[in-house]
Amino acid sequence: MNGLSVVGRLSVGMLADMVGPLNLLVANTALAALSLLVLWVPFDSVGTLIAVDLLFGFAIGGIVSVIPVVAAQVFGLARLPSIIGLLFISYFVGGLLGVPPMSALLDNVGHRTDYTSSIWYMAMLPVCSLLFLVAMRFTVTRKWRARV
């Protein structure tokens, strides 16, 4: 996962100038959601798990590389230090919304052997993020082909 994350960071960082950082943030979030929903939920082999790992790692690397650029683009350079601080706080909140509920689902619903409910929960997090990002994208501009 980390190896493809590096590839995702570099390639998405270079593509951001051509396609637009916000567009790539939306695309990589969609890729992360799809890799979890399409591959991990019906997961039936180690090969499928490796494919999820590679796609999700690439997508997350791309997300990490464009978030500061999108923050500067949407909120302006003058407000960027405050926005980056808020982003780090949101990472903390995201961590609290990730692991503890997934562990509770595994313990109480999966009885420590069935990960299906935890996987569905994990897959819904990037879907929710994608909804907010698409709304933000169309708040910035309603043009489909705009480079934002």
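The values are calculated or read from the model by the stated rules, or taken from the named source; none is laboratory data. Keep in mind that this is a model prediction, so the values were computed, not measured. Cβ sites come from the backbone with ideal geometry, for glycine too, and all protein chains shown count toward neighbours. Please note that ligands, DNA and RNA were not included when accessible areas were found on the heavy atoms of the full protein model with its side chains. Shrake-Rupley method; radii C 1.70, N 1.55, O 1.52, S 1.80 Å.
Key figures for this structure:
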read-out	value
Extension reserve of the SER82-MET14 stretch, reckoned as 0.36 nm per residue once the Cα distance is removed	21.9 nm
Cα gyration tensor, region 17-120 - rounded (a/c under 1.5), prolate or oblate	oblate
Value of relative contact order over region 30-148, rounded to a whole percent, pairs C-alpha under 8 Å and six or more apart	29 percent
VAL38 accessible area, assembled protein chains, probe 1.4 Å, Å²	90 Å²
Region 35-61 versus region 133-148: alpha-carbon centroid distance in Å	28 Å
Residue-by-residue Karplus 3J(HN,Hα) for region 41-55, coefficients 6.51, -1.76, 1.60, Hz, glycine and proline x	4, x, 3, 9, 8, 5, x, 5, 5, 5, 4, 4, 4, 5, 5
Extension gain from ARG147 to VAL46, taking 0.36 nm per residue of separation minus the Cα-Cα distance	32.5 nm
Sulfur and carbon atoms: percent of accessible area, the chain [1.4 Å]	73 percent
By average C-beta atoms within 10 angstrom, highest first, the peptides 92-104, 125-137, 44-56	125-137, 44-56, 92-104
Computed [θ] at 222 nm, helices only, for the chain once each DSSP H run of length n ≥ 4 contributes -39500 (n - 2.57)	-27500 deg cm²/dmol
